[in-house]
Amino acid sequence: MSLFMEQRPGTSVTILPKNPPQDRSAFGLPLRVYASSFARCILICMLVALFLLCAAQNQQLILTINEDQVVRRFDPSLAFGAGLDGHERGENALIFSPKAVASMKAAGFQRFTYRLRTELAGEAWHWNPRGIWSDSQRNQGYWTSDSKPQRAINASFGYRLPRRGNTIDQANNDDYSRINDDDTRTFWKSNPYLDPTFGGESYSSRPQWVVLDLGNPKPIANIRIAWGDPYAASFELQYWNGPSDPYDETGNWFTFPSGRLSGSGGTTAYHCPALKAQFVRVLLKASRSASRNYNDKRDGIGFAIREIWIGHLDSNGGFEDWVDHAKNHDNQSLVYVSSTDPWHRQRDIDTKIEQPGFDRFFRSSLTKGHPTLMSTSALYDTPENVAAQAQWLKARHYPVAGFEIGEESDGQVVSAENYAALYIRMADSIRHSFPNVEIGGPSFQTVSLDFKMFPCTDDPWLARFVKYLRDRKRLADYAFCSFEWYPFDDVNQNPDQQLPLGPGLLAASVNRMKQVGMGDIPWIVTEYGFSSYGAEAEVDLPGAIFNMDCALTTLRLGGRASFLYGLEPNELIEEKPPAFGNNMLFLKDLGNARLPTFYSAWLLNTVLCAAQGTHSLLGCEGETEQIGCYPIRRPDGSIEVALLNRLPQPAVVALRRTTNKANWDRWEYSPNQYRWHADKDDGRPSLNSPPKRTSLRGNDLHLPGYSITVLTERR
């Protein structure tokens, strides 16, 4: 059965006209200029149109529950969850206060995932503030947190990386690249754990790289690179040739004329016939160090670059540099790198954002003793620190459902092969303490883009990642594929043009992932919400409908679990003016007032489903893009049905059952219970009542526009 079945002949969903008739004639002239006879004719036509409209409103959409068709069996305590993330310093004390925890528990989620904001910020994570430095005399180097539980961990922090290469990150985005910071004392360095010294492939088969974006095509005849230590003994200078940028599916990298070079450190000056390009890549293929006196071998392997200049000679013979250099990401040319060295110092602590401490998280009673899907670092950490994290959790006897390695690797332009190499090392670190736990990743930021800036084949990212594991006989360590689902980036578009597309978009994305590498590997949505940006829909009824739709569609499509993002009380934000919103269940500015997303979760977890036990998602014929239908048989045999009206227009539905039973209690959540008053960051509900419970007589239902209706069987 397809996700959206065709409507039965003779039935329709009433769609009210979006643009009411205007008081003008077909020629654009006011009707009052015509004779009264014409006016009478127009009046009769209007009455006929009104009659036809009323008749259309009485047409029914027939939905038939097929109680013999089990689409999916599931346990709600495992299938529906929520995630908790890092926040601004001090907020976790409020989020984990008894009052806030009681509010969050009321939503009914029993499974949780611990999200990792430090990974998005490109920072090393001291998950335990106590630990040791590799260079303990100077409080710097490679950090390993203490694996022995001692004092309670209530908060933990990330540390900025002084060898950072990327200009931007996915968190606060307040750091910058050291490749173009106008300071040759600083440098970017690649991750030493990707060096052949640690069992990795040779750089000739899996190079490291640096990409610079000049903003628009510029004439290039000169490139200068100030190397750090270690430097590139062999490298290539390349430019992108395509209709847009390296994220585009058409185009390729080409090597500059005589751009295959050998290096000996110092500063490389390259000259070529001028050609125009916007993107320049330095492909690093062999490494060498000028020093053998490193106390820690990780310091002396990989590649290091202090500064890069790209330009040409002007008419006076002077060098005109197209790269913007600054110690501020807003004033830098964009730089992307293949990896980053997790080396850092005590003074690099980022106190703006704090992760909830493990003890604060597990002792809050929020998890109710259920196992948690934990996150570990991958891109900006060491295997030793990940091993210590696993040892600590094991010693603390906290229940762990699995580990998700890394977060949003694709959003940080990490190649599939580099991520896979680090994934294997981190998985080995976890296995020492949890030999049988499920491990997965990579928590895709998106499931719709492939990146061609990497020196690999044109195969999709996921296909390359799975192939890397399979070739090394490590596919058994990949228990699940994880991704985030925020499908709507245009937060200023009318949600009635977006919401009906949600289930179909998710189905298309999952099918595509199956085709490009996921195959039969179980999959999990580890975060979901209407948009990754603040949107008014998120604090209004469309956000609530989207959330329930996503959780149930995930089951229908075969997903193992889905985790709602935004459980914590939060505030309105503006990321794409003039839209204000946020993925949240509670508005903390109004004393943690419950929003539609809370009631959507509450209806899902406590009304539609029982707390636990084997449930069956049944088939339903007659769905349309406007009306979603999810029948569920509970463990006690009762049938409950969720009906979602994804448009602001009302609809009339006739519900049929193969057993002909029709005794229901009806729960309605619609504009009759909730309305949002938009007022920038002072927006608030003008009406905020809980779902209304009534008895349903007969099989016909009137579904208000933008509504959630849950029918529970009376036995």
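The values are calculated or read from the model by the stated rules, or taken from the named source; none is laboratory data. Quick caveat: nothing in here was measured; it's all calculated off a predicted structure. Reconstructed Cβ throughout: ideal geometry from the backbone, glycine too, with neighbour counts over all protein chains shown. Please note that ligands, DNA and RNA were not included when accessible areas were found on the heavy atoms of the full protein model with its side chains. Shrake-Rupley method; radii C 1.70, N 1.55, O 1.52, S 1.80 Å.
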For this session: Mind telling me which of the residues E625, E568 ends up being in contact (Cβ under 8 Å) with a residue 24 or more places away in the chain and open to solvent by 10 Å² or more (accessible area, probe 1.4 Å)?
Result: E625
Exercise. Modelled with pLDDT of 95 or more, under 30 Å from F530 (Cβ atoms) and surrounded by fewer than 22 Cβ atoms within 10 Å (Cβ to Cβ), is that true of I424?
Worked result: no
For this session: Residues being assigned to a helix (DSSP H, G or I), out of contact with any strand residue (DSSP E or B) (no Cβ under 9 Å at 6 or more places or on another chain) and closer than 30 Å to K189 by Cα: count how many of those fall in segment 346-399.
Result: 2
For this session: Could you please tell me which pairs satisfy a Cβ distance under 7 Å, a separation of 6+ or placement on different chains, a first residue in segment 353-374 that is on the phi > 0 side of the Ramachandran plot, and a second residue that is open to solvent by 10 Å² or more (accessible area, probe 1.4 Å) and assigned to a loop (DSSP other than H, G, I, E, B)?
Result: K368/Q110; G369/P399
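Residue by residue, here is whether (1) buried (at least 23 other Cβ atoms within 10 Å of the Cβ); (2) on the phi > 0 side of the Ramachandran plot; (3) modelled with pLDDT under 95 holds:
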| position | (1), (2), (3) |
| --- | --- |
| T197 | no, no, yes |
| E201 | no, no, yes |
| S205 | no, no, yes |
| L212 | yes, no, no |
| N222 | no, no, no |
| A233 | no, no, no |
For this session: Check C620 against each of (1) over 19 Å from the mean Cα position of the chain (by Cα); (2) surrounded by fewer than 22 Cβ atoms within 10 Å (Cβ to Cβ); (3) on the phi < 0 side of the Ramachandran plot; (4) not in a loop (DSSP other than H, G, I, E, B) and name the one condition it does not meet.
Result: (2)
For this session: Among the candidates D350, D341, D359, single out the residue that is within 23 Å of P129 (Cα to Cα), acidic (D, E), buried (at least 18 other Cβ atoms within 10 Å of the Cβ) and over 24 Å from the mean Cα position of the chain (by Cα).
Result: D341
Problem set entry | Single unsatisfied condition, F488 versus (1) under 30 Å from I430 (Cα atoms); (2) assigned to a loop (DSSP other than H, G, I, E, B) | (1)
For this session: Those residues that are more than 17 Å from M426 (Cα to Cα) and surrounded by 15 or more Cβ atoms within 10 Å (Cβ to Cβ), I need them from segment 136-145; list them, please.
Result: Q140, G141
Seminar exercise, completed: For segment 128-172 the number of residues that are under 22 Å from the mean Cα position of the chain (by Cα) and either among the small types (G, A, S) or more than 25 Å from I308 (Cα to Cα) (or both) is 4
Exercise. Any residue at all in segment 124-140 that is in contact with a His (Cβ under 8 Å, 6 or more places away or on another chain) and not aliphatic (A, V, I, L, M)?
Worked result: yes
Exercise. Among the candidates R666, R633, R646, which residue alone is crowded, with 22+ Cβ neighbours inside 10 Å and of a type in the set (K, R)?
Worked result: R646
Problem set entry | The lone exception for W240 - which of (1) over 23 Å from T268 (Cα atoms); (2) at pLDDT below 95; (3) open to solvent by less than 40 Å² (accessible area, probe 1.4 Å) it fails | (1)
Problem set entry | Failed condition for V414, given (1) β-branched (V, I, T); (2) modelled with pLDDT under 95; (3) not in a loop (DSSP other than H, G, I, E, B) | (3)
Exercise. If you scan segment 247-278, which residues turn out to be buried (at least 16 other Cβ atoms within 10 Å of the Cβ) and under 19 Å from A290 (Cα atoms)?
Worked result: L261, G263, G265, T268
Exercise. Can you find even one residue in segment 280-290 that is open to solvent by 60 Å² or more (accessible area, probe 1.4 Å), in contact with a Leu (Cβ under 8 Å, 6 or more places away or on another chain) and under 22 Å from N180 (Cβ atoms)?
Worked result: no
Exercise. Pairs under 6 Å by beta carbon, first residue touching a residue at least 24 places away in the same chain (Cβ under 8 Å) in segment 113-136, partner part of a helix (DSSP H, G or I), six or more apart or different chains?
Worked result: W125/T118; W127/Q389
Problem set entry | Of residues in segment 427-469 being modelled with pLDDT of 90 or more and of a type in the set (S, T, N, Q), the one farthest from D520 (Cα to Cα) | S433
Problem set entry | Qualifying residue in segment 671-690 (condition: at pLDDT 95 or above, closer than 17 Å to Y630 by Cα and of a type in the set (K, R)) | no
